[in-house]
């Protein structure tokens, strides 16, 4: 028996970022906010899940190597009563963000008070504490895995929620032995830490994943200290396997294929993160050429490859042509734009150099602001509108560091993008795992300004309807005086008013950034960003 929560499985608005972000809102206000989408999933005629997160589909595919297909069931919580019974011996539960405490997700529910459980945490709790599991607990083993499984151990919930085994990491090498032991009724280790498997251990999919997800790489290798994936060397899934998995998705109703990777530009990479443009073009055209594929989407990428090889975006025009996203500012005939997640993380060169200097390679950390400005300009020129993250509250962040991030944010005020501010969270198995997390209640006035200026950008770029916008603007002062001031104090006030479109002539007396026209950007788009001579490879010219 394999199961995933509905909030992790939903294909809401055909958008991975909307699915993840809206799942962080408080459950008790979900219907009021119009986000009760978390139950909107589909089942097959026999009641099984039509789509679930890709990680669970990988486990399912591995189990099919040992067990009969009819002995392996994948469902949502609402169908557990239908499938769990006297013959059930093991339940594998997928945990992407089960408690809502990873980057960008433990912030938004907190705006409504400390007792507000986010949608994703509520949905996972409904799954793992389902009454049918408790009724058959004497014969069932519960195994939990996935990128957020560590959260259960972190919060001390393994015993309370009856978890027999927690699987941490990439589990291809341990799935079959664990499930075989569970079926036999044998005791399981309380926790299994997994190494990254050989590519041969990753099985082809047998059924459809949420958003038509198809993995193209594992690992990264750029070494960012807050990320566990960045500590593992990048490796690429063979194109034949990628195409086969895309065909599996389409055969079960998917018309969109989402290429999952920590960095799309590392697919079949050369030495020292060299982008393999011919391999990328073969990848996109190969997937787009699968009959039934209407859209091809991406997950993550980095900025520096676009600066090193500015022809990338132009050569990958198919990423725009096959995108599901549209925006009036796009110059594409159908107003389409390509979107991927790009971690900018900070405008502070000091913090960048300390925690994530590999992101800028082959450029030096000191060139990071120029890399961002040039990369954003190049992407936007070719209708790539990235979704970028910044981390607020990195360990040791000073007011000067925050000002540098604000300066960079101001310089990007006319960019075509979406910018998501996240609070620093020390994740397991990272070099910063023992650091203190940032707390929303401790944000400074400058950090609040950064946070709400980001969301002001997003609201303006995605152009809320005026009939909705004025209500939103009017509600913000009511929120501040009704709840915000009590929870977070005066430092929140004027940054929050910028979100409400208060006039800049009023706000400039209270905030660092001045959008009234009197302030000049600290950064501009450089003509080029020179690669340091000592980092130039034979095939890479020194830019002048």
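Readers should treat all values here as calculations from the given coordinates under stated rules, not as data from a laboratory. Just so it is clear, the structure is predicted and the values come from calculations on it, not from any experiment. Neighbour counts run over all protein chains shown; Cβ positions are idealised from the backbone, glycine included.
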Within region 2-199, what percent of beta bridges assigned by DSSP are antiparallel, to the nearest 5?
-> 10 percent
For region 351-429 and region 171-191, compute the distance between their C-alpha centroids and round to whole Å.
-> 42 Å
Residues in region 255-269 near a label at residue 14, defined as backbone nitrogen under 18 Å from the 7 Å Cα→Cβ point?
-> 255-260
Using a basic spin-label model with each label point 7 Å from the Cα along Cα→Cβ, how many nm lie between residue 431 and residue 200?
-> 3.3 nm
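Can you pull the Rg over Rh of region 2-199, Cα-only, Kirkwood?
That ratio is 0.95, to two decimals.
Dividing the alpha-carbon Rg of region 100-156 by 2.2 N^0.38 Å yields what?
Numbers: Rg = 13.6 Å, N = 57, 2.2 N^0.38 = 10.2 Å.
The value comes to 1.33.
Which FRET efficiency value, to the nearest 0.05, is calculated for residue 68 and residue 240 with the Förster distance at 25 angstrom and r the Cβ-Cβ distance? Provide the component values of the computation, followed by the final result.
Values: r = 27 Å, r/R0 = 1.08.
Using R0 = 25 Å, I get an efficiency of 0.40.
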Distance from a point 7 Å along Cα→Cβ of residue 112 to each backbone N in region 475-495: keep the residues under 20 Å and list them by number.
-> 475-489
Across 5 Å bins from 0, what is the distribution of all Cα-Cα pair distances for region 285-420, in whole percents?
-> 2, 10, 20, 21, 18, 12, 9, 5, 2, 1, 0
Rg/Rg_ref, region 342-544, where Rg_ref = 2.2 N^0.38 Å and atoms are Cα | 1.11
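Run the helix sum for the chain: -39,500 (n - 2.57) per DSSP H stretch of 4+ residues, divided by residue count, reported at 222 nm to the nearest 500 deg cm²/dmol. Before the final figure, lay out the partial values.
Details: 22 runs with 177 residues, N = 544.
Value at 222 nm, helices only: -8500 deg cm²/dmol.
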For Rg and Dmax of the Cα atoms in Å, calculated from these coordinates, the label among (1) 24.5, 78; (2) 31.1, 128; (3) 23.5, 73 | (3)
Just grab the label-to-label distance for residue 183 and residue 472, each label 7 Å out from Cα along the Cβ direction, in nm (one decimal).
-> 5.1 nm
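Antiparallel as a % of all DSSP beta bridges within the chain, to the nearest 5?
On the way: 5 of 42 bridges.
Once the DSSP bridges in the chain are tallied, antiparallel ones form about 10 percent.
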With label points built 7 Å along Cα→Cβ from the Cα atoms of residue 233 and residue 366, find their separation and express it in nm.
-> 3.2 nm
Distance from the Cα centre of region 264-304 to that of region 465-483, in angstrom?
-> 42 Å
Taking a ≥ b ≥ c as the square roots of the eigenvalues of the Cα gyration tensor of region 189-345, is the shape rounded (a/c under 1.5), prolate (a/b larger than b/c) or oblate?
-> oblate
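How much space per residue, in cubic angstrom, does the convex hull of the C-alpha atoms of region 211-297 take up?
Cα-based convex hull of region 211-297, divided per residue, equals 84 Å³.
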Want the number for residue 520 to residue 87: 0.36 nm per residue separation, take away the alpha-carbon distance, what's left?
-> 148.9 nm
Set the Förster distance to 30 Å, then compute FRET efficiency between residue 279 and residue 527 from the Cβ-Cβ distance, nearest 0.05.
-> 0.55
Want the number for residue 331 to residue 439: 0.36 nm per residue separation, take away the alpha-carbon distance, what's left?
-> 34.8 nm
Zone reached by a paramagnetic label modelled 7 Å from residue 535 Cα along Cα→Cβ, restricted to region 257-279 with backbone N below 13 Å, covers 272-274
Got a sec? How would 391, 420 order by Cβ neighbour count within 10 Å, fewest to most?
-> 420, 391
